[in-house]
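Derivation of every value follows stated rules applied to the coordinates shown; laboratory data play no part. Predicted model only: the values in this text are computed from it and were never measured. Please note: Cβ atoms are built from the backbone with ideal geometry, for glycine as well, and neighbour counts cover all protein chains shown.
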Amino acid sequence: MKVAVRPSIYCSACPACAVGAENACPSGGFVGLSGGGGGMSDQVVLPAEACHPLPPNVGLDVGALVEPLAVAWHAVDASPIAEYTADKPPNCLVLGGGPIGLAVCQVLLARGAKKIIMSEVSVKRQQFARQLGATHVMDPRQFDIVAATQQLCDGAGPDIVFDCAGVPQSIETACRAVRARGSVVNVAIWEKKVPFDPNWLVFREAKYSAVLGYNDKDYKGVIEALKEGKMKPEAMITARIALDDLVEQGYGVLSGEKEKHVKVLIDMSIGA
């Protein structure tokens, strides 16, 4: 059976787990990162509930993308996107075109967003964004993102902003760009403290929320969308390598040329 594995580690007993927020478990982590084996292990044992069957029309290569897509699904699901309708879909801004920002574009496309605006400095990632669902792509070094998005969104600004960049400028841009009573969703993990002025939100009566990882429902949502063809994330796979080439063409490429790649897959059939 083909499956996509949800590699979450959590205690099932703390207050966070008790309310279904196992992704925020204080003892939480991920298989391979926090323990329990990993991708380089000969064998890994996981609970049956962590293994989500893939539909016949979803290959193992796309199945490997379920995990990052689930992060994006969780972020979009935490936004007020469900309050919008097909007759009045939301305009959205995504800040940062890394793997998760690009995955957010895919999920927004599947969830019926009207305009998906991507802000990204890398030319290669701008190209990926266009392939993966962005309707407008802008380099923040060349455009005033706040002014440009207001113009694109009938003077009001985007309804929902997703900050996937996690840099000081992105949080300010997100809060200044969002429309009155819109929503900003923080998806990024921050490496250090950054300046933040609550008035950026106060004078818009805008909402700011934060998300972390994913839950079981997010895996199910992604897999169902893939089954129905609402997402076509194959362009996220930017290289396929043999296991023997992992260090040089895998870790080396992602650490030294990460802007040129989204996901590098190890194909066990290469060199077999």
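In this rough spin-label picture, where each label sits 7 Å from Cα along the Cβ direction, the Glu83-Val202 distance is 2.2 nm.
Under a Gaussian network description of the chain, with springs only between Cα atoms under 10 Å, the residue in Asp144, Asp216, Asp77 that fluctuates furthest is Asp144.
Counting other Cβ atoms within 10 Å, which trypsin sites (Lys or Arg not before Pro) in region 84-176 have at most 12 and lie in a DSSP loop?
Qualifying residues, ordered by number: Arg141.
Ratio of Rg to Rh for region 1-53: 1.00 [Cα atoms; Kirkwood radius as inverse mean 1/r over pairs]. Across the cross-link table entries Lys2/Lys263; Lys88/Lys260; Lys2/Lys260, which are compared at the Cα atoms, the separations over 26 Å belong to Lys88/Lys260; Lys2/Lys260.
Looking at the chain, what % of the alpha carbon pairs are farther apart than 29 Å?
Numbers: 12486 of 36856 pairs.
Of all Cα-Cα distances in the chain, 34 percent exceed 29 Å.
Looking only at Val137, Val19, Val167, which one moves most when the chain is put into a Gaussian network model with springs between Cα atoms under 10 Å? Highest fluctuation among the options: Val19. Among Asn215, Asn186, Asn199, the residue with the largest mean-square fluctuation in a Gaussian network model of the chain, with springs joining Cα atoms closer than 10 Å, is Asn199. Can you tell me, using C-alpha contacts under 8 Å and at least 6 residues apart, the relative contact order of region 27-124 as a whole percent? Across region 27-124, relative contact order equals 22 percent. Considering only beta bridges that DSSP places wholly inside the chain, some 15 percent are antiparallel.
Using alpha-carbon pairs under 8 Å, 6+ residues apart, how would you state the relative contact order of the chain in percent? Write down the numbers at each step before the final one.
Numbers: 466 pairs, mean separation 48.3, N = 272.
Result for the chain is 18 percent.
Trypsin sites (Lys or Arg not before Pro), restricted to region 225-272: which are DSSP loop and have at most 15 other Cβ atoms within 10 Å? Of the trypsin sites (Lys or Arg not before Pro), the ones in loops of region 225-272 whose Cβ has at most 15 other Cβ atoms within 10 Å are Lys230.
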